[in-house]
Amino acid sequence: MSDLYELLAPYFDAPESSSSSLPPPSANDPQTTSYLNRLSTLSLSDLSSTEPQSLLHAAQSHLRNLQALSKRSHKAVIASSSHLTSLTSLLPSLSTQAAALNDELPHLETAATDFAQKYDRSTENAVLDRRKRAMLLSRNVDRVSDVLDLPTLLSSTVSAAQAPTAQASSASASTSYASALDLHAHIKRLTALYPQSGLVGTISKQAEAEIQNLTSILITSLQGQNLKLAAAMRTIGWLRGVAPDLADDGYSHSKPTAFSTKSLSLSASKASADGALGSLFLVCRLRTLHTILEALEPLRELADQESAQRRQMLNGTKIKQQIQNGALGGQSERYLKRYTEIFREQSFAIVSMYKSVFPSGLPTTAASDVSSLSISNDALLPLPSPVSSFALHLVDMLTATLRTYMPNITDKQVRESLLTQVLYCAGSLGRLGADFGMMVALLEEEVLDEEQEATDDAEWVSVMQKHRIQASRLEILARGVGGGRKASTELPSPTTLPAG
C-alpha cells in the first residue's frame, strides 16, 4: 500500500479547487489505508468509469448531511464554538481555584474533626443536651399540656364550687370540692417529685393561689346562717385537706382526755389534733351570730331611746314618774326577749355543733388539768380549749346586753319573765357544760336601783325557785312520756307562774 500511496502522493499537492485548503491525507490514517486497499481491488475500467462517480456521489451525500446537521444543530455548534473560545480563559481560572481548594482542604479537615469532637455523644455537650430536651419535649407535648392545664382546671373546679347554680345540689358541691382536693394533691405530688423544675414551681404557685381562694370559700361557707351539722363536718374535713397548716399548731402530739359535762372547765387542757380549725369554726359562727343579731337593730335603737330617757331622770320629775309607773321599758322588753331567744338558739347550736365536729378539742376534767399542768414545763402550755373561752365570751355578750337594757324595765313581772328566759338559756347551755345560771344574781345586783333593792326582796331568788319547779315538772312529763305512763303533776304550784 505504501507504493500506491507514494504513487498518488504527487497528486495530493494540487488541490482540485482553489477554495480547498485541506491538508493531504496521512499514510497512517485508517481511512486512507482502507481506501487504498479498496483501490487495489478495482480494475482499470472501474477506476476510470465508476470510481469517479462513486466519489462524487459520496461527496454530495456528505455535503447534504453537513447541511442538514448545520441546520439542525447550528445553535449547539455556535455555543460550542463560543465555549471553545472562552476555554482559554476558563482553564487558568480552574487551575487557580483548584489550587485554592487544595490549600483549604487541611482547614476543612480540621474543622470537620473539631465538629466531630464537639458533637460526640460520648462526651457531655450543652448543645446536644438542649436538643435532647427539645426532642423530649416534642415527644411529651401532650403530657406537658395536661400539666399546664392543671391550674386552669383547678380554677374552674373552684369556680364551680363557689357559684353553684339553682339546680346544683350539695352532692355536686361535694364533688367539686373533692375534685379540687384531688387536683391539689396531684400538684403537690408533682412538686415533691420535681422540686427543681421551674414549670412545676410556677404551676404550684398558681395552684396555691386557687387553694387560698378555695379556703376562703370554705371559711365563708362556715358563716352560713342555715349551716347544718353534716355540712359543717364536711367543710371542716375539706379544710383539713386544703389548709393543713390550720389543723397543725405544733402541739397535736398530746392525747385529749375525756369531756366533763358537769361544768365547763376553764383551766388549761391538752391541745387537740385539730389545731386552729376549732377556733376558726367558733369565730365564723360568732360572726354569723352577730349578723343575725344585727337584724334587731331597729329594736335596739328604740331601746337606746328608752335608755336615754332613763338617764334624764335626774333632770325632770315627769320622766322619773313615768319610769316608776312602768310607762317606759316596753321597747327594751321586746328587744331583750328577741335577743335572748336568738342567743339561746344560736349559742346552743354553735356549742353542740362544735362538740360533734371537734370531739377531741373539748375541755378536760379538773383532775386531768392538774396532771397536765404538772407534766408541762411551759407555763403558757397546754392551751385551753377554744370552746371554754368562747362560752365565756357568749355569756359576756348576753350579760352586757342585759346590763345595758334591763334597768329600763321597771315592771317586776316583766323582769321575772326575762330572767326566767335567761335561766332557760343557761340551762340549755348547761346541758353542754356551760351553765351560767348563777350569773342572774350578779346581774340583778348591777341592774336594779338602790331604792328597789331596799324595798323588795331579791327577785332572782324567787325566779330561781319558780324555774326549778317548772323544770322539775317538765322533767317528770318527759319521763312519763318516755316510759309510756301518765306522769304525776302533784307538785306544789308557785304563787305566780313565770310568764313567757
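Computed quantities for the displayed model
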| quantity | calculated |
| --- | --- |
| Residue in region 225-239 that is more than 22 Å from the chain's Cα centre (by Cα) and modelled with pLDDT under 85 present | no |
| Condition met for Ala180 (at pLDDT 90 or above and of a type in the set (A, V, I, L, M, F, W, C)) | no |
| In region 188-199, residue nearest to Pro244 (Cα to Cα) [restricted to those that are at pLDDT 90 or above and among the aliphatic types (A, V, I, L, M)] | Ala192 |
| Tabulated pairs, region 182-204, first closer than 11 Å to Leu154 by Cα, second loosely packed, with under 13 Cβ neighbours inside 10 Å and among the charged types (D, E, K, R), C-beta under 8 angstrom, 6+ apart or interchain | none |
| Single unsatisfied condition, Arg131 versus (1) closer than 30 Å to Gly198 by Cβ; (2) loosely packed, with under 12 Cβ neighbours inside 10 Å; (3) outside the structural domain of Leu214 (by TED's automatic domain parsing) | (2) |
| Checklist (1) without any contact (Cβ under 8 Å) to a residue 24 or more places away in the chain; (2) crowded, with 17+ Cβ neighbours inside 10 Å; (3) more than 11 Å from the chain's Cα centre (by Cα); (4) closer than 15 Å to Val147 by Cβ applied to Ala173, failing item | (4) |
| Residue match in region 110-118 (condition: over 60 Å from the mean Cα position of the chain (by Cα), of a type in the set (Gly, Ala, Ser), modelled with pLDDT under 90 and not assigned by TED's automatic domain parsing to the domain that holds Leu4) | no |
| Scan of region 214-229 for residues that are in contact with a Ser or Thr (Cβ under 8 Å, 6 or more places away or on another chain) and either closer than 13 Å to Ala180 by Cα or in a loop (DSSP other than H, G, I, E, B) (or both), ordered by number | Leu218, Leu222, Gln223, Gly224, Gln225, Leu227 |
| Failed condition for Thr123, given (1) in a loop (DSSP other than H, G, I, E, B); (2) touching a residue at least 24 places away in the same chain (Cβ under 8 Å) | (2) |
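The values are calculated or read from the model by the stated rules, or taken from the named source; none is laboratory data. This one's a predicted model, so the numbers in the text were calculated from it and none came from an experiment. Cβ atoms come from the backbone with ideal geometry, glycine included; neighbour counts cover every protein chain shown.
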